[in-house]
Amino acid sequence: TKGTEPVDHFHKRLGKVMWEKCGMARNAEGLKEGMAEIRKIREDFWANVRVPGKPNELNQELEKAGRVADFLELGELMCKDALDRNESCGGHFREEYQTEEGEALRDDDNFAYVAAWEWNGDPGSEVMHKEALKFEALKLSQRSYK
């Protein structure tokens, strides 16, 4: 392509959004902003990415561009998934869901499931499929770092 920006430009922009909006501590407003920013980056990527090289030889920049294109879709989906999960659990802390002491606040009644997202060809309109988790040997409990 004959765009104006190298692949790394878009990769770094995406990384910054993911770090700031979908990192270890996150909130609904930031996740929504992150999804919107990623959509803009993706539009800019397809309009302005520069992939140098010749069509009949190994092209590492083309390989990298393909990975970044995938990362743009995955990044938006990660924000969507995090926004859907209205709890703090494990290493992912939703600022809106914490105890008075600042500990992660789980919601096992509504979020004891594993999810898989089905791609339907349009970024942002994936379909979530859930499978309930059943714990027989262990009891679910709130984690505390105190």
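The values are calculated or read from the model by the stated rules, or taken from the named source; none is laboratory data. Being a predicted model, the structure only gives us computed values, none of them experimental. Cβ: placed from backbone, ideal geometry, glycine included. Neighbour counts: every protein chain shown. Please note that ligands, DNA and RNA were not included when accessible areas were found on the heavy atoms of the full protein model with its side chains. Shrake-Rupley method; radii C 1.70, N 1.55, O 1.52, S 1.80 Å.
Given the options Glu43, Glu126, Glu57, which has the most mean-square fluctuation in a GNM of the chain, springs set between C-alpha atoms less than 10 angstrom apart?
Glu57
Which percent of the accessible area of the chain is formed by carbon and sulfur heavy atoms (probe 1.4 angstrom)?
Answer for the chain: carbon and sulfur cover 53 percent of the accessible area.
Check segment 1-79 and count each lysine pair with an alpha-carbon distance under 22 angstrom, considering only pairs eight or more places apart or from different chains.
Total qualifying Lys-Lys pairs in segment 1-79 comes to 16.
About its Cα centre, how strong a charge dipole does segment 1-95 have in debye, to the nearest 20, once Lys and Arg get +1 and Asp and Glu get -1 at the Cβ?
160 debye
Which value at 222 nm does the chain reach when only helices count, each DSSP H run of 4 or more adding -39,500 (n - 2.57), with the total divided by all residues and rounded to the nearest 500 deg cm²/dmol?
After summing the helix terms and dividing by residue count, I get -15000 deg cm²/dmol.
Between Asn59, Ala115, Leu105, whose Cα lies farthest towards the positive end of the dipole of segment 6-146 when Lys and Arg beta carbons carry +1 and Asp and Glu beta carbons carry -1, centred on the Cα centre?
It is Asn59.
Once phi is turned into θ = phi - 60°, what whole-Hz ³J(HN,Hα) does the Karplus curve with 6.51, -1.76 and 1.60 give for every residue of segment 122-135, x standing for Gly and Pro?
Those phi angles translate into 10, x, x, 10, 5, 10, 8, 10, 10, 10, 4, 9, 10, 9 Hz.
Measure off 7 Å from each Cα along the Cα-to-Cβ vector at Lys130 and Arg39, then give the distance between these two points in nanometres to one decimal.
Simple spin-label model gives 2.4 nm for this pair.
Below 8 Å, C-alpha to C-alpha, sequence gap of six or more: please give me the relative contact order for the chain in percent.
22 percent
Stretch Ser144-Asp8 to full length: gain in nm at 0.36 nm per residue minus the Cα-Cα span?
Length difference between fully extended and current span is 45.0 nm.
Could you tell me the extents of the chain's C-alpha atoms along the three principal axes, largest first, rounded to whole Å?
58, 29, 24
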